[in-house]
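**Student:** Dropping a structure here in structure tokens format, bear with me for questions.
The values are calculated or read from the model by the stated rules, or taken from the named source; none is laboratory data. Only a predicted model underlies this, so the values are computations on that prediction, with no experimental measurement involved. Neighbour counts are summed over all protein chains in view; Cβ atoms, including those assigned to glycine, are modelled from backbone coordinates with ideal geometry.
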Amino acid sequence: MAGIKIVSMLLVCMLVAAPMATDAAMNCGIVINLLRPCVDYLRGTKPLPPACCNGVRSLNSQASNTRDRQIACGCLKSAAGGVNANLAGGLPGKCGVNIPYKISPSTDCTKIR
């Protein structure tokens, strides 16, 4: 469960580039379900499964406004722990998702737009 939180935090940072809208539809259940396949990879115990990248891409597209991206970021940060920070930081690139910032546990979710 802690690995899911870190994964979520990292992926929320990727959401900054998504288009903005007015209503937030994101919640921690969505974030956790999308990123669950990434946990073992981020713990360094298994190779990167295709389902993880599918979840990363889906989260990136579903967090379509500032509020959704900030919610997803908060979910990730609250679930952080037990994952390899280097693997987490490289996850977007490994999954073909381009984000304009560094993924880090110190990310300030309130500054994500």
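**Student:** I want to confirm something. Restricting to region 71-91 and keeping residues that are out of contact with any Gly (no Cβ under 8 Å at 6 or more places or on another chain), surrounded by fewer than 22 Cβ atoms within 10 Å (Cβ to Cβ) and not charged (D, E, K, R), which single residue is modelled with the lowest pLDDT? So that I can check it myself, show each step before the final result.
**Tutor:** Going through region 71-91, the residues out of contact with any Gly (no Cβ under 8 Å at 6 or more places or on another chain) turn out to be 71-78, 80, 85-86, 88-91.
From the residues that got through so far, the ones that are surrounded by fewer than 22 Cβ atoms within 10 Å (Cβ to Cβ) too are 74, 77-78, 80, 85-86, 89-90.
This time we only want the ones that are not charged (D, E, K, R), so: 74, 78, 80, 85-86, 89-90.
Details: GLY74: 83, SER78: 77, ALA80: 70, ALA85: 83, ASN86: 86, GLY89: 81, GLY90: 88.
If we take residues in region 71-91 being out of contact with any Gly (no Cβ under 8 Å at 6 or more places or on another chain), surrounded by fewer than 22 Cβ atoms within 10 Å (Cβ to Cβ) and not charged (D, E, K, R), then ALA80 is modelled with the lowest pLDDT.
**Student:** For region 32-68, which residues satisfy the criterion of being buried (at least 19 other Cβ atoms within 10 Å of the Cβ), among the hydrophobic types (A, V, I, L, M, F, W, C) and under 21 Å from ASN86 (Cβ atoms)?
**Tutor:** LEU35, CYS38, VAL39, LEU42, CYS52, CYS53, VAL56, LEU59
**Student:** Does any residue of region 72-91 turn out to be among the charged types (D, E, K, R), closer than 17 Å to CYS52 by Cβ and in contact with a Cys (Cβ under 9 Å, 6 or more places away or on another chain)? Before you say what the answer is, go through the steps one by one.
**Tutor:** Step one: filter region 72-91 for residues among the charged types (D, E, K, R), giving 77.
Now drop any that are not closer than 17 Å to CYS52 by Cβ, which leaves none.
Checked region 72-91: no residue is among the charged types (D, E, K, R), closer than 17 Å to CYS52 by Cβ and in contact with a Cys (Cβ under 9 Å, 6 or more places away or on another chain).
**Student:** Same structure, new question: Filter region 54-113 for residues that are polar (S, T, N, Q) and assigned to a helix (DSSP H, G or I) and give the result.
**Tutor:** Step one: of region 54-113, the residues polar (S, T, N, Q) are 54, 58, 60-62, 64-66, 70, 78, 84, 86, 98, 104, 106-107, 110.
Correct list: ASN54, SER58, ASN60, SER61, GLN62, THR66, GLN70, SER78, ASN86, THR110.
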